[in-house]
1. Do any cysteines in the chain lack another Cys Cβ under 4.7 Å, and if so which?
2. For the chain, what is the accessible area per residue in Å², given a 1.4 Å probe and the full set of protein chains?
3. Suppose the chain between Ile212 and Val28 were pulled fully straight at 0.36 nm per residue; how much longer would it get relative to their current alpha carbon spacing?
4. Over region 438-556, what is the relative contact order in percent, taking alpha-carbon pairs closer than 8 angstrom and at least six residues apart?
5. Test of understanding: what is the full-extension gain from Leu441 to Phe45, defined as 0.36 nm times their sequence separation minus their Cα-Cα distance?
6. For n ≥ 4 DSSP H runs only, could you compute -39500 (n - 2.57) per run for the chain, divide by its residues and tell me the 222 nm figure to the nearest 500?
7. So how exposed is Ser583, as accessible area in Å² (1.4 Å probe, rounded to 10)?
8. Percent relative contact order of the chain, based on C-alpha pairs within less than 8 angstrom and at least six residues apart?
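The values are calculated or read from the model by the stated rules, or taken from the named source; none is laboratory data. All figures in this text were calculated on a predicted structure; none of them were measured in a lab. Glycine also receives a Cβ, built like all others from the backbone with ideal geometry; neighbour counts cover every protein chain displayed. Heads up: the accessible areas ignore ligands, DNA and RNA and are worked out on the full protein's heavy atoms, side chains in. Shrake-Rupley method; radii C 1.70, N 1.55, O 1.52, S 1.80 Å.
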Amino acid sequence: MSEQNDHDRERWCQLVVLAILIVSGTLVIGILYPSSVSSPSVSMFAWISIHSWIALQALVLITPGLLAAWLLRCRLPRLSVGIGFGLMIVVPAGMLLDAIAFRWVSDRFLSTKILRVATDLRDSLVAHAQWKSIAPTLFWCMGFAVVAIVVFWISKPVARFCMRHRKVAKRSVSIAGVCVCLFSLPAIVDWQTTAIQMRADSTRHPWVVFRIIDSDDVMASGVNSRLAPVSFVIPKNGIDQRKVQQRLAGLDWDTLDARDEPFPDVVVVVLESFRHEMVDAEIMPNLSLLASDGVHCRNHFSGANASNFGMFSLLNGLEAIWFDEPVRYSPLMNRLFHQAGYELGLFASHDDWRLFAMDGFLNEQQFDVFRCKPKGWSEVDKRTVSHATAFLNREDLADEPSPSPRLAVVYLYTTHADYRCDPADEVFHPAADDSFPIPYLPTQRDAVWNRYKNCARTVDRLIRPLLDRNRVVIVTGDHGEAFLEDGTCGHGTKLSRYQTMTPAIVYAPGIKSERMEQPTMHADLLPTLVALVDLPMSDLSVFDGNPIASNRELNNSGLNERVFMIRDYLSDEALFVGPWTTSTESERIFGIGCRVSLGENRVRITTAISDSGDAATDLPGSHRQSNKKINSQILQEWLKKRFDRG
C-alpha cells in the first residue's frame, strides 16, 4: 500500500512538473513567436503583469487535463500521465498554430477561413508556396515537437528530484503561484484596458485563442462594432433575369454594320498586387505620365482581394458575386470584342489559371493568341511584353495590312511577392534582399516596401512600349497588397483597403485628362472600354459598373452616391463600398461587411469595417443613432441597382 501511495505521489508530482513546464512553454510562445503587431514600450512591472496574466490564462486552460489525469490514476495508472500530458500540451500547441495562422491570414486557427484554406484552396496555395515562407513555420513546428518530447522525457527525473526535496519544491511552486496571481491582479482589476490589449494582440492570449473570449467581443464596454442586423431576400426572378441578360448580351448588329470608322487597338495591362502609391513620377515615370494624360482613378477598387475574382470583374464588368455563374465561361469582354471583329490576345507571366478556377475565362478558346508562361518575375515579364508588343504592332503580318483591330490583355508578375526586380532598378534603399522572410516583421517592413518600389520601377520600364498614345490603354492591378498595414503580408486574406485598392489609369486618344477621386471599381472598366471604343451595345444595363468616360469626356455623375460590392477570397464575406469610403469625417469607416448568397437568395449586413479590414466602431457621425435605417437603405439601393432592371 505504501509503495502504491509513493507511485501515486510520483505520478502527481510528474503531472505538476509537466503542468509547470507547459505553462512556461505557452508563455515562451506568447513572448517569442513573431507578431505583426508592434508591442508598445512598457515598464518592467507592466511587462511582468501582462505575462503573469498570460500564464494564469494558460494555467486555467490546462487544469481540466491535469484533473482528468489525476482522476484516471487508479483506473489507468500507467497511462494517466501520458493522457494528462496529451490533454495539457493542446494549450501551447493551439497557441503556436493560432499564431502561425493569424500571422498568415489574420484569423484564428479554429475558423472557417482556415478550414477552407486546408480543403478547397490547398492545391493552389501549395503551388505558390516558397521555401523561405514555409521554413520558419516548419522550424517552429519541429522545434515544438522536439521540445515536447524532451519535456515529457525529463519530467519523470525532475519529479523524482522534487520528491527528494519536497519542502523546497512545494515552497517554490507556492511562491511562483502566488506571484503569478498577484502580478495578474492589475490586469483583472483594470479589465477594460486588459480587454483592449487582448484584442489588439490576440495571439498572445490563450483565452482568446481558445475562444473563451471572442476576439471580436474583447473590447471596452460601450463600444459596439456590430451594425444593426439587416437582411433582405434577393428576388429569384431578378437573379434569373440577370443571368438571361448576361447570356444574351451582345452588340447591335445593325449599328455595327452601318459603321465605317475603324475601331482602335486596345491594350489592358494588369499588374500583380499593385498598390496605388506606385503611380508616382519618382517610382513609375512612364505610368505617371500616362495618368496625367488620361483619367487617373485614385480611389479605385478591385472586385476582390485576390486575382480570380478581380480578373473576373475586370473582364465582365460585373461584381464578383457572379463568379460561380455561367457567365464565367463566356466572358463579356471577349464576346463583345470578338463580335466587333477584334483579334484578342492574352499575354501572361504565369499560367496556373486552373488552380484558381480562372481557366473558365482565361483559356485558348477565349483568345485568338494565348501566350502564357509559367510564373516568373522580371525576366518572364520582358518576354511577355515583347510578345504583346509584337502582336499589337502586327509583326506576324510582315508588310500585309491587318483587316482587324486588336485587343491585348497583358498580365505581369514582377510586383508579386517576393518582388524580384532588375538590378538596374534598385534605387530605393535600404531594400530587403532575396533572403527576407514571408511573413516579415514590422522592423523589416520599410525595407520590403523599398524592394516593392524597385519592382514597380522595373515594371514601368518594361511596359513603356505598350503605352502607345494611338491606342486605348487601361492599366490597373488585379488587386492590392498589404505591407502589415492590416496586420498581414500580401493579399487574399482580409477585406482591407490595402488588399482591395489598386490604381486604374484609362487613356484614349483625345480623352480629357482628369484625376478622379470618386470610388470606382473593376466592373467600371469594361463598360468604359466599350464607351471609348464606341461598341454599339444592344443592352448597356448588363454591366454592374458604369462607364467613367465616354465620347472622350469624363462621366462621373452619381459615382459618389452609389454602392458596390467587393468579395473576399477565403470566405463568403463581402464588403459594401460607398460614400463613407472616401468620407473626410474623422470617424470614417472603409466599408460595410455583408454576406451574400445568390444560391440562397439572401444578403445580410454584418459589421462596419475599418481600413485594416477589422470590425470598426460603427457608421460615422450622425449615422450611428439610426444605423438600422441607413443599412436598410444601403441594401435596398444595391438590390434595386442589381436586380430590379425593369
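1. Here Cys13, Cys74, Cys141, Cys162, Cys179, Cys181, Cys297, Cys372, Cys489, Cys594 come out as lacking a disulfide-compatible partner, given the Cβ-Cβ threshold of under 4.7 Å.
2. Working: 28490 Å² over 646 residues.
It amounts to 44 Å² per residue over the chain.
3. On the way: separation 184, 0.36 × 184 = 66.24 nm, distance 2.07 nm.
Taking 0.36 nm per residue and subtracting the Cα distance, the gain is 64.2 nm.
4. On the way: 131 pairs, mean separation 24.7, N = 119.
It comes to 21 percent, rounded to a whole number.
5. Taking 0.36 nm per residue and subtracting the Cα distance, the gain is 140.0 nm.
6. Numbers: 20 runs with 280 residues, N = 646.
Rounded to the nearest 500, it is -14000 deg cm²/dmol.
7. Ignoring ligands and nucleic acids, Ser583 comes out at about 30 Å².
8. Numbers: 1175 pairs, mean separation 117.2, N = 646.
Worked out over the chain, it gives 18 percent.
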